[in-house]
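Shown next, in structure tokens, is the structure this report addresses.
The values are calculated or read from the model by the stated rules, or taken from the named source; none is laboratory data. Source: prediction; values computed, not measured. Please note: Cβ atoms are built from the backbone with ideal geometry, for glycine as well, and neighbour counts cover all protein chains shown.
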Amino acid sequence: MTTATSSLDQAAAARQKRFVLRSTRGRTGLLKQAALQAVCLFVLLTVIFPVIWVFSVSLNPLNLSRPQGLEIIPPNATLEAYQQVLDKPTPNPISFLDLTLNSLKLALGTSLVSVGIGVFAAYAFARLRFRGRAVLMLVILAVLMLPNVATLAPLFVLLNSVNLDLPFLGDFNLRRSLLGVGFAVISGLLPFAIWNLKGYLDTIPRDLEEAAWVDGAGINQTFIRIILPLSVPALAVTAFLGFIAGWTEFYFTSTFLGGQVVDHTLALALNSMVGQFSQTPWAQFSAFSILFAIPPAIVYFIAQRWITSGLAIGGVKG
């Protein structure tokens with residue numbers, strides 16, 4: 001009887017000890033979770049504060065350079081600045097819609113072309129072994145390290161030398177066109193696309209391609225039906241970064257286009273609002289900045305489901 005009672009006491013003590021340990025672990029987990037949430041909230045507020053500040057300035061009818069006090073919505077807030085930007089964004093005879101279309105043409109065109117060419121070149125560098133492969137990769141890396149400003153002068157001379165006499169357009173100079181700006185932007189995006197996509201293609205197991213070859217698939221079928229679907233995350237990231245680069249492009253457009261107002265973009269129009277001696281219309285400038293940031297945000301929300309990584313990991317068993 002004494003032995004049974006002692007065993008029951010030991011079992012109860014063990015259960016109580018496990019309960020205390022679980023309670024302690026639970027409290028520790030809650031504290032850790034609360035600390036992580038606090039850090040994330042701090043980071044969120046730090047990132048979103050400039051956006052709130054710009055939005056507050058755009059609503060201020062007094063055209064101040066900064067909000068007064070801590071009021072997010074200023075007194076007598078109005079959307080007049082947005083209306084003025086949409087009606088007449090610049091002194092030049094071009095509408096906000098035309099500026100947006102030009103920016104979309106440049107951003108989408110450069111993004112798609114750089115990714116389309118880059119994925120083929122990246123696949124060749126990742127899978128094929130040919131003479132001069134290492135040298136070419138170093139050359140691409142060297143071009144990638146150059147800033148856009150360094151390539152401004154040679155691209156200006158190269159594109160300016162292309163003069164065509166077209167039936168409907170007449171004299172056409174490639175440098176003074178949005179197409180020439182697109183070629184200049186692609187020259188900087190393509191090395192990045194090749195390196196970024198090659199790094200991801202190297203993570204895709206070769207066993208998948210070998211299995212497809214055993215089943216009778218050719219190289220083109222393997223690339224289209226296996227490699228490209230697995231590369232969607234890397235393609236999405238590369239395309240999105242290329243879109244951002246084309247959307248915010250300023251150096252080439254401001255230098256190449258000059259007086260070609262019909263080809264001006266939103267970035268050029270936004271910069272033209274900056275005045276000297278504090279003459280910048282800050283309310284209109286802030287409203288333009290908010291409108292300028294909306295399309296990239298929309299593109300990101302559309303493509304965010306594909307902006308992931310690691311889809312190929314675990315694709316081969318064993």
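Specify the residue that is surrounded by the most Cβ atoms within 10 Å (Cβ to Cβ); the eligible residues are those in the stretch 168-210 that are assigned to a helix (DSSP H, G or I) and more than 22 Å from the chain's Cα centre (by Cα).
The qualifying residue surrounded by the most Cβ atoms within 10 Å (Cβ to Cβ) is 180.
Based on what the data block shows, is residue 98 acidic (Asp, Glu) and surrounded by 10 or more Cβ atoms within 10 Å (Cβ to Cβ)?
The answer is yes for residue 98.
A quick yes/no check of all residues on (1) surrounded by 15 or more Cβ atoms within 10 Å (Cβ to Cβ); (2) among the β-branched types (Val, Ile, Thr); (3) over 30 Å from residue 285 (Cβ atoms); (4) in contact with a Leu (Cβ under 6 Å, 6 or more places away or on another chain):
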residue	(1), (2), (3), (4)
93	no, no, no, no
108	yes, no, no, no
113	yes, yes, yes, no
119	yes, yes, yes, yes
129	no, no, yes, no
135	no, yes, yes, no
146	no, no, yes, no
149	no, yes, no, no
161	no, no, yes, no
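Show the residue pairs that are 6+ apart or on different chains and have beta-carbon atoms under 7 Å apart, the first residue being within the stretch 184-208 and in contact (Cβ under 8 Å) with a residue 24 or more places away in the chain, the second being acidic (Asp, Glu) and in a loop (DSSP other than H, G, I, E, B).
185/249
Of the residues 81, 34, which is touching a helix residue (DSSP H, G or I) at 6+ places or on another chain (Cβ under 8 Å), at pLDDT 75 or above and assigned to a helix (DSSP H, G or I)?
Only one candidate qualifies: 81.
Among the numbered conditions (1) farther than 27 Å from residue 225 by Cβ; (2) at pLDDT below 90; (3) over 20 Å from the mean Cα position of the chain (by Cα), tell me where residue 145 comes up short.
Failing condition for residue 145: (3).
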